[in-house]
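To start, the structure itself, in structure tokens.
Values in this text are rule-based calculations from the coordinates and carry no lab data. Keep in mind it's a predicted model, so treat the numbers as computed, not measured. Here the Cβ positions follow ideal geometry from the backbone for every residue, glycine too, while neighbour counts run over all protein chains shown.
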Amino acid sequence: MRLGQFLAGFTVLSAIIAGGAMYYLQVYAFYEEISASGENDVQLVSLVSGEPEPILFDQFEAIDAYTSPIRYRACFTTVMSHSLLSETYVAFENAEPRNAPGWFECFDAEAIGAELEAGTALTFLAQKNIAYGVDRVVAITEDGRGYVWHELNDCGAKAYDGSPTGEACPPRDEFTGEMLEGKN
């Protein structure tokens, strides 16, 4: 009987330790804070040139993890109005903010989603294919709070669910190793 109790206790203790380790790895490990590097930290794709252009921003905070191209999150403020942004930059339709770790307090996906649904925030394309099948999206609220995250585009959704990507998607080998080299 003692051996059975020991084995049961060992199994429960192992499960608790493994669960705690998994939680830590998902929520804290691998993330690193990204410092603002200058004027190019927040960019939007111009309607005229089709290329990303820097916008005015302040109070930039960001995190990223080299383990996945969709873990990037950033927050900032801007003085640019919705009307100016809408007339100048490419809109991004049907954006859905992804959850950030709870310790990255400036990014609340649920609140951002509510602002998008209410029409008090607009989303814009920041960069197409920042990694294979992943676009960088920026949401800006009426009061100038901005949020950045990465979202799968059509090619990424097909590639990651195993569907054939087709000819409209760029060759995947152009992107190999990009996130592992720390590019974002």
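Taking label positions 7 Å along the Cα-Cβ direction at both Ala91 and Ala157, the computed distance is 1.9 nm, reported to one decimal. Name the residue farthest towards the positive end of the dipole of the stretch 35-175 from the options Cys169, Ala74, Gly50, assuming +1 on Cβ of Lys and Arg, -1 on Cβ of Asp and Glu, about the Cα centre. Towards the positive end, the residue furthest out is Cys169.
Charges at C-beta only: +1 for Lys and Arg, -1 for Asp and Glu. How large is the resulting dipole of the chain about its Cα centre, in Debye rounded to 20? Mind dumping the intermediate values first?
Working: 10 positive and 28 negative charges, 188 e Å.
Taking the Cα centre of the chain as origin, the dipole is about 900 debye.
Computed from Cα atoms, the angle from the helix 2-27 axis to the main principal axis of the chain rounds to 10 degrees. Listing Thr141, Thr77 from fewest to most neighbouring C-beta atoms within 10 Å gives Thr77, Thr141. In the elastic network of the chain, a GNM with C-alpha springs shorter than 10 Å, the most mobile of Leu116, Leu56, Leu44 is Leu56.
Provide the packing ranking of 150-158, 15-23, i.e. peptides ordered by the mean count of other C-beta atoms within 10 Å per residue, highest first. Working shown, then result.
Details: 150-158: 18.2, 15-23: 10.2.
The packing order, highest mean first, is 150-158, 15-23.
Amide H contacts under 5 Å for Leu44: Glu53, Ile55, restricted to partners 5 or more places along the chain or on a different chain, H placed in the peptide plane at 1.01 Å from N.
Just want the ordering: Phe92, Phe60, from fewest to most Cβ atoms lying within 10 Å of their own Cβ. Working shown, then result.
Values: Phe92 21, Phe60 17.
Fewest to most other Cβ atoms nearby, the residues stand as Phe60, Phe92.
3J(HN,Hα) along the stretch 103-114: 6, 8, 5, 6, 10, 10, 4, 5, 5, 5, x, 5 Hz, from the Karplus curve 6.51 cos²θ - 1.76 cosθ + 1.60 with θ = phi - 60°, whole Hz, x for Gly and Pro.
Here the Karplus relation 6.51 cos²θ - 1.76 cosθ + 1.60, evaluated at θ = phi - 60°, turns the backbone of the stretch 145-150 into coupling constants of 7, x, 9, 10, 8, 9 Hz, with x for every Gly and Pro. When each of the peptides 101-109, 125-133 is scored by the mean number of other C-beta atoms lying within 10 Å of its residues, the order from highest to lowest reads 125-133, 101-109. Helical runs (DSSP H, four residues minimum) scored at -39500 (n - 2.57) apiece and divided by the length of the chain put the mean residue ellipticity at 222 nm at -8500 deg cm²/dmol. The length gained on full extension between Ala18 and Gln5, counted as 0.36 nm times the residue separation minus their Cα-Cα distance, comes to 2.7 nm.
The stretch between Asp143 and Ser35, if pulled fully straight at 0.36 nm per residue, gains 36.5 nm over its current Cα-Cα span. Listed values (1) 0.93; (2) 0.97; (3) 1.10 include one computed from this model; for Rg/Rh (Cα atoms, Kirkwood Rh) that value carries the label (3).
Only counting other Cβ atoms within 10 Å, I'd like Glu51, Glu39, Glu93, Glu61 sorted with the fewest neighbours first. Arranged by neighbour count, lowest to highest, Glu51, Glu39, Glu93, Glu61 become Glu93, Glu51, Glu39, Glu61.
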